[in-house]
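Readers should treat all values here as calculations from the given coordinates under stated rules, not as data from a laboratory. Keep in mind that what you see is a predicted model, and the values were worked out from it rather than measured. Counting neighbours? That spans all protein chains shown, and the Cβs are built from the backbone with ideal geometry, glycine included.
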Amino acid sequence: MNETLPRAAIRAAKTNLVWLALPLIAFAIAVAWILSADPLSGFRNGAPPIENLTFERTVLDDSGLRLLVRAGGSEPMTVAQVQVDDAYWQFTQDPSGPIARGRAAWLNLPFPWMLGEAHAVKVVTNTGATFVHDIAVAVPTPQATTGQLRLQALVGIIVGIVPVAVGLMFYPVLRGVGRDGMAFLLSLTIGLLGFLLVDASAEALELAGEAAAIFQGPVMVVLAGLGSFLLLIAIGRRSGAPAGLALSTYIALGIGLHNLGEGLAIGAAFAAGSAGLGTFLVLGFALHNVTEGIGIAAPILKKRPSIWTFIGLTLLAGGPAVIGMWLGSLATSAQWSALALAVGAGAILQVIIEVGAYLMRQSERGRDVFLTPPVLAGLATGAAFMFVTAALVNI
Amino acid sequence: MGGLAAAGGTAICTSATLGQEQASHAGHAAPAGATTQDPMPAMGHGAMMTVGDVDSAANGFDPTDMLTDWETGTVSTLPDGRTLRTFEMRAEDREIEIAPGIKFPAWTYNGRVPGPALRAKEGERLRIVFRNYASHPHSIHFHGIHAARMDGVPGAGMVDPGDEFIYEFDAKPFGCHLYHCHAMPLRRHIHKGMYGAFVIDPDPERRPEHVDVARSRLLGTPENAGWQELVMVMNAFDTNFDAENEFYAVNTVAHAFMKRPIRIVKGKPVRIYLVNVIEFDPINSFHLHANFFDYYDQGTTLTPTLNRRSHHPVPGTARHSRIHLRRA
């Protein structure tokens, strides 16, 4: 009896394996038949292959122009010639030869670009199809030098770390607030996070539109956002709903991920020269982000965290802006910025839910708390403040 | 006219060697920024150039060879003693390489773009046997003077695929003309490659007032042999069909003469038959570096109509004939 049981189990497992393999084998046979017999040849009507080329990065330096292009054709694509400003230019391609679907290659042109002026690059493929890339403002692409990295870190600190630190410095003042004041601050946090959620989602979708089709931008953004949202909810709820310092940490994380995406986008714009990062713009970003610090402080007003906790929260929320600036200006493509922003949006959604739940628990009034004057005022103030200060940075 | 003449410039470089023999040139697919060993440094365009080389053997025609390739047809004598000149022309679809690496689904006369440069003498009877092996209806519409029923427009000499038509008319007036397909839509039929030069030489016997000039323009005479004659068809291609040209050329291949300059014999006058069939643009220019030239509008005169440094022929309708390059 004891011997037959495992044997039966083994037999059952083998049978299962056969049933598992059968559909796979059937599919393999179908693929082999389609490839060999070519039953779809009737659809072949002599139309040229579909071609698509995405410009992912543009580097301008002393040796001229360098462009990273990604092919998205139905067949490997061949770059035959390259025009700059309506004139053909010699170029080299690295790696050379046809570019397979989804693969990228660098095009190097010894083009004497002009500082501060616009140039239009047109790639002509062997079928005569053309793909245009506009360089809105030609500026030297930042190099990974110590000076450059320091400068970008400075910008990242000003737009990411300083405002969060300033917001957290309101902590002693905020400690004295009563229950209504607390409700106002928490809903203020929800309001500003709501703004960030919309802003990050919209920006992620916009960047996703610029990315090569193979990345399926909009779907990728939605999936990455939902994925990060569910993952953070699961982590946060593994031992009950987060409150106090844990909740503050999640808020800081959500804001940090958003700042990473923001930093990538600013860095990329900086590299492309399309956003002259003026002092005004940088200060605008800083002001825009001050409320983030207040939001992080709200759940820990009744605790007594150490100074290191504040430093840690500041770095978690603001630090990623520095990393984003570096990556964005030195080595990123639209799809990676979109992905970072989408992950950030998912994190923000998680924080909105958790802060809302915390607010309900605090008030002991359940859902009705959202209709009380302090909460409504907080939501409106948070969103409105973000909207108004965003006007400073949207040029 | 100066007895000594020479030319130089963008596309033309002086040399003591004869004709359009293959000139060896570095610089095809040159690494970025590299300077090539051009015989004339001044004409260098540096890195502003297409990359690579066109396979003329696969195309079946070569832009340099086409400069001096005249189609004179077959000659016979009519019962009344006049000369009958017969040309065989066929339309066929063909994919050609118009710039290094770029294939264009062309419509051609006799498999080449531009079509053969037809050449006849004033007063001859011309017979053009046109067969259409292509996928669309085509015609040959000759500029010049002929009967309306020989005009090659819809209703007069349009040829369906698989059919044939014989155009017949007298060669007149002398000059530098062109022919093209006049099927509709006209713009598409022209820019797909259906055009060519059509040159009628003056008959010296009918031009006693300028008999020497007329003889110099009549192909086959000793006087004509004292000239270097080049036929240039300025054309362009819209490869992405957006009604703007991606490639401009003389005799189809973009930058061909930048990479392989036209070689001419020093001290021997040059005559260029220039035709402009560029679609989409209102005007295009022709100029020679460091040279002036005599210009014969339409080539229908034996005395220059202009002395110019550069000229701006209007596409399609305008074609200008004879340029005499003199040493400036």
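Numbers for the structure displayed
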| read-out | value |
| --- | --- |
| Mean shadow area of the stretch B:74-207 over all directions, Cα convex hull, nm² | 8.8 |
| Fluctuation leader among A:G312, A:G328, A:G156 - chain A, Gaussian network, Cα springs under 10 angstrom | A:G312 |
| Per-residue HN-Hα couplings for the stretch B:242-248 [Karplus 6.51, -1.76, 1.60; θ = phi - 60°; Hz; x = Gly/Pro] | 10, 6, 9, 7, 8, 10, 10 |
| Reciprocal of mean inverse Cα separation for the stretch A:325-395 (Kirkwood radius, Å) | 15.0 |
| Square roots of five times the Cα gyration tensor eigenvalues for chain A, Å | 45, 36, 17 |
| Unit charges on C-beta of K, R, D, E only; dipole of the stretch A:48-176, Debye | 600 |
| Tail weight of P(r) past 17 Å, computed on alpha-carbon pairs of the stretch A:18-127, percent | 64 |
| Chain A, helix-only ellipticity at 222 nm - DSSP H runs n ≥ 4, -39,500 (n - 2.57), divided by all residues, nearest 500 | -20500 deg cm²/dmol |
| Charge dipole (debye, nearest 20) of the protein assembly as shown; +1 at Cβ of Lys and Arg, -1 at Cβ of Asp and Glu | 1700 |
| Under Karplus coefficients 6.51, -1.76 and 1.60, residue-wise ³J(HN,Hα) of the stretch A:183-188 in Hz, glycine/proline x | 4, 4, 5, 5, 6, 4 |
| Cα centroid separation, the stretch A:93-112 to the stretch A:194-239 (Å) | 30 |
| Estimated FRET transfer efficiency when R0 is 22 angstrom, pair A:S63-A:L151 (beta carbons, to 0.05) | 0.45 |
| Rounded to whole Å, sorted largest first: equivalent-ellipsoid semi-axes of the stretch B:180-257, Cα gyration tensor | 36, 16, 8 |
| Extended-chain gain in nm, criterion 0.36 nm per residue less alpha-carbon gap, A:D368 and A:A246 | 41.4 nm |
| Alpha carbon convex hull of the stretch B:242-307, projected area averaged over orientations, nm² | 6.1 |
| Cα lying deepest toward the dipole's positive end in the stretch A:1-148, options A:P112, A:F27, A:A8, charges on Cβ | A:A8 |
| Of all DSSP beta bridges in the protein assembly as shown, antiparallel share, percent nearest 5 | 75 |
| Whole-percent pair-distance distribution, where bins are 20 Å wide, for the alpha carbons of the protein assembly as shown | 14, 32, 24, 19, 9, 2, 0 |
| Length added when fully stretched, A:R361-A:F387, from 0.36 nm per residue minus Cα-Cα | 6.5 nm |
| Cα extents of the stretch A:283-337 along the three principal axes, largest first (Å) | 43, 23, 19 |
| Label zone at A:L226 (point 7 Å along Cα-to-Cβ), backbone N below 11 Å, the stretch A:181-219 | A:219 |
| Footprinting exposure proxy for B:T64, B:T74, B:T86 (fewest neighbouring C-beta atoms within 10 Å first) | B:T74, B:T86, B:T64 |
| Neighbour-count ranking [beta-carbon atoms within 10 angstrom, fewest first] of B:Y109, A:Y250 | A:Y250, B:Y109 |
| Phi to ³J(HN,Hα) by Karplus 6.51 cos²θ - 1.76 cosθ + 1.60 over the stretch B:93-98, Hz, x for Gly, Pro | 7, 7, 8, 10, 9, 9 |
| Virtual spin-label span in nm between B:N240 and A:M169, 7 Å along Cα→Cβ | 5.3 |
| FRET E, pair B:A156, A:A213, Förster distance 41 Å, beta-carbon r, rounded to 0.05 | 0.25 |
| Projected label distance in nm at B:S135 and B:T68, using a 7 Å step from Cα toward the beta-carbon | 3.8 |
| Extended-chain gain in nm, criterion 0.36 nm per residue less alpha-carbon gap, A:A87 and A:V198 | 35.7 nm |
| Lysine pairs with alpha-carbon atoms under 21 Å apart, the protein assembly as shown, spacing 8 or more or separate chains | 4 |
| For B:Y296, distant residues with modelled amide H under 5 Å away | B:T305, B:S321, B:R322 |
